[in-house]
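What follows is calculated from the coordinates using simple rules that are stated; it is not laboratory data. The structure displayed is predicted, hence computed values, not measured ones. No Cβ is skipped: glycine too gets one built from the backbone with ideal geometry, and neighbour counts run over all protein chains shown.
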Amino acid sequence: MLSLKVKTDTVAMIHGGIYMENLDFLKIPTNKHIPLNLITIGNHQHSYLNRIVGQPYHQIFMTTSGKGIFRVPGIGDFELNLGDIIIVLAGTSHEYYSLSKVPWILSYIGFNGGISDSILAELNFEKIKKIIIPESGQIREKIKTTWAIINHEESDAQWQASQNLYALLLDIKKLSAGVSESQSHLKPINQNKHIQQAAEFIRRHYAEPISVTYLADMVGYTNQHFTRTFKNVFHITPRKYIRKIRLEKARLLLESGDEIRISDIAHKVGMEESYFIKLFKQRFKITPGAYRLKCLNGGYKE
């Protein structure tokens, strides 16, 4: 088993927060025989990131320094303070950004597997919410132990990591049991149901031809009113939103490791090949082919 590592500063971090050293980002190849698979793990500084189509796996985030916002379209903003946790489900559009002057440092774990959905449902984690852990030391230690298991690359490391991951989820459930749901509040955002309906249509039908006129007609708005209202909700025009969805979907296909031709990827996301390559290079400062190679050789840092 070989994990891919992306180096980060390994200086211990305090910054008025929880003492926890930076942990290099590790990406672990999937083992189809393991029903609960660890995909990524790490602990380091974050500033801003927009995952408009989410990730193809579930993610656990915990603040270990500073504070920040997780924004989930159609649901709201969650403010993550020191020790707070949020579990973001696979395929969930989200963005997050720092609110603090000190570095916002997040521990994170990505996972999937045949029993991952049922475990989250049984633990009542199938809906996105902020989880407050009064004493998070046990969670931190479990993350560090799991990271060390993968980093040492023992023959049964993925099985050990799976056991630790299951124990971690149980710990989160147990340690948050005494915290009332009312404490895990979120800040509401613009919930215009017509715009959310249009955005959901884009996320489901991005590979098909989609025009602003069609979307506006679908929700009963004029083109001008639809574009203005959409931008008020998502801070981006409908056309740019469609383009961003397509590029993010293409990015995930390139990261999958499957030998899909660039022309086929362009087709799968509803774009002509040369135009797709041009837009991808504008967005990621690298061609699709070079991006795939970088991912195979150790990961791409935005």
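A few remarks follow.
- At least 24 Å along the helix axis (C-alpha) and Kyte average at least 0.0, DSSP helices within the chain: 157-175
- Within the chain: Cβ-based charge dipole about Cα centre, in debye rounded to nearest 20 (Lys, Arg +1; Asp, Glu -1): 1120
- The mean sequence separation of alpha-carbon pairs under 8 Å and at least six residues apart, normalised by the residue count of the chain, gives a relative contact order of 17 percent.
- Placing +1 on each Lys and Arg Cβ and -1 on each Asp and Glu Cβ, with no other charges, gives segment 4-183 a dipole about its Cα centre of roughly 260 debye.
- Across segment 4-183, the mean sequence separation of Cα contacts (distance under 8 Å, 6 or more residues apart), normalised by length, yields a relative contact order of 23 percent.
- Unit charges on C-beta of K, R, D, E only; dipole of segment 193-296, Debye: 500
- Given charges at Cβ of Lys, Arg, Asp, Glu: the chain dipole, positive-most of Ser274, Cys295, Val88: Ser274
- Kirkwood hydrodynamic radius (C-alpha pairs) into Stokes-Einstein, segment 193-296, 20 °C and 1.002 mPa s, D in µm²/s: 148
- Cα-derived Rg to Rh of the chain, Kirkwood definition: 0.97
- Local electrostatic count, Leu296, Cβ distance below 13 Å [Lys/Arg +1, Asp/Glu -1]: 0
- Coordinate range of the alpha-carbon atoms in segment 4-183 per principal axis, descending: 42, 37, 33 Å.
- All other residues whose Cβ lies under 11 angstrom from that of Lys231 are scored, Lys and Arg at +1 and Asp and Glu at -1, for a net of +3.
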